[in-house]
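Worksheet: one structure, shown below.
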Amino acid sequence: MLAPKERFRNDTSMLTLHTPEGAKYLLQALVSAFLAILFLQAGLDKVGDRRGNMEWLTGHFAKSALAGMVPFLLTVLTFLEIAAGALCGVGTVLVLFRQGSIVAFFGALLSALSILALFLGQRMARDYAGAGSLVPYFLLALVSLYLLA
């Protein structure tokens, strides 16, 4: 007969959080929730204040090759951010209910692609400080992909 501690570890219906498997589970849920909050807020802000975002971005990209494409690119970025946030949000719930991490994985993938698009835009606008501020978010998205795979 197994000792009580071993019996608990071998029971797959229970998850001990203070184990490597439990830590991975918590990390999956936390990174998915973080990306959901980040991208849902950013995307919904672009929907709620499209005019303000359009004015700011038009000025920001006025002297770049993207100047004439701001309305289209804002629409694409808004879609990417909302899709990334929604997938991460649904993925968080699925991870929490132990239904798998595939949805959260694709949310993290869209998150990384969104950050790459933002990074490209900042570099083209020669806003190097703005581009640099995206690096930690990109690293988090890459780590998320690894954790959710």
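Between Ser133, Ser101, Ser111, find the one with the highest GNM mean-square fluctuation for the chain; connect C-alpha pairs within less than 10 Å. Of Ser133, Ser101, Ser111, the Gaussian network model singles out Ser133 as fluctuating most. If I take R0 = 22 Å and measure r between the Cβ atoms of Leu139 and Thr19 in this structure, what FRET efficiency does the formula 1/(1 + (r/R0)^6) give, to the nearest 0.05? Between Leu139 and Thr19 the formula returns 0.30.
If R0 is taken as 22 Å, the Cβ-Cβ distance between Ser64 and Ile37 corresponds to a FRET efficiency of 0.15. With neighbours defined as other Cβ atoms within 10 Å of a residue's Cβ, the residues Asp49, Asp127 order from fewest to most as Asp49, Asp127. Residues His60, His18, arranged from fewest to most other Cβ atoms within 10 angstrom of their Cβ, appear as His18, His60. For the stretch 24-148, the pair-distance distribution built from all alpha carbon pairs, in bins 5 Å wide starting at 0, is 2, 13, 21, 21, 18, 12, 8, 4, 2, 0 percent. Of the peptides 20-26, 64-70, 116-122, the order by per-residue mean of other Cβ atoms within 10 Å, starting with the highest, comes out as 116-122, 64-70, 20-26.
For the stretch 55-64, putting each phi into the Karplus relation 6.51 cos²θ - 1.76 cosθ + 1.60 with θ = phi - 60° gives couplings of 4, 5, 5, 4, x, 5, 9, 4, 9, 10 Hz, in residue order, rounded to whole numbers and with x for Gly and Pro.
Could you give the size of the charge dipole of the chain about its Cα centre, using +1 on the Cβ of each K and R and -1 on the Cβ of each D and E, expressed in debye and rounded to the nearest 20? Don't skip to the answer; put the middle values down first.
Working: 11 positive and 8 negative charges, 25 e Å.
Rounded to the nearest 20 debye, it is 120 debye.
In degrees between 0 and 90, to the nearest 10, how far off the longest principal axis of the chain does helix 20-48 point, with axes built from Cα atoms? Its long axis makes an angle of about 30 degrees. Taking other Cβ atoms within 10 Å as a rough exposure proxy, Leu30, Leu87 sort from fewest to most as Leu30, Leu87. For the chain, the longest principal axis of the Cα atoms and the long axis of helix 135-148 meet at an angle of about 40 degrees.
May I ask for the angle, rounded to the nearest 10°, between helix 70-96 and the longest principal axis of the chain, with both axes built from Cα atoms and the value confined to 0 to 90°? Orientation of helix 70-96: about 10 degrees from the principal axis. Based on Cα contacts under 8 Å between residues 6+ apart, the stretch 24-148 shows a relative contact order of 32 percent. A simple spin-label model places the labels of Leu116 and Phe97 3.2 nm from each other, with each point 7 Å out along Cα-to-Cβ. Model label sites at Leu74 and Leu44, defined 7 Å from Cα along the beta-carbon direction, differ in position by 2.0 nm.
Every number in this text was worked out from the coordinates using simple rules, so none of it is lab data. This one's a predicted model, so the numbers in the text were calculated from it and none came from an experiment. Reconstructed Cβ throughout: ideal geometry from the backbone, glycine too, with neighbour counts over all protein chains shown.
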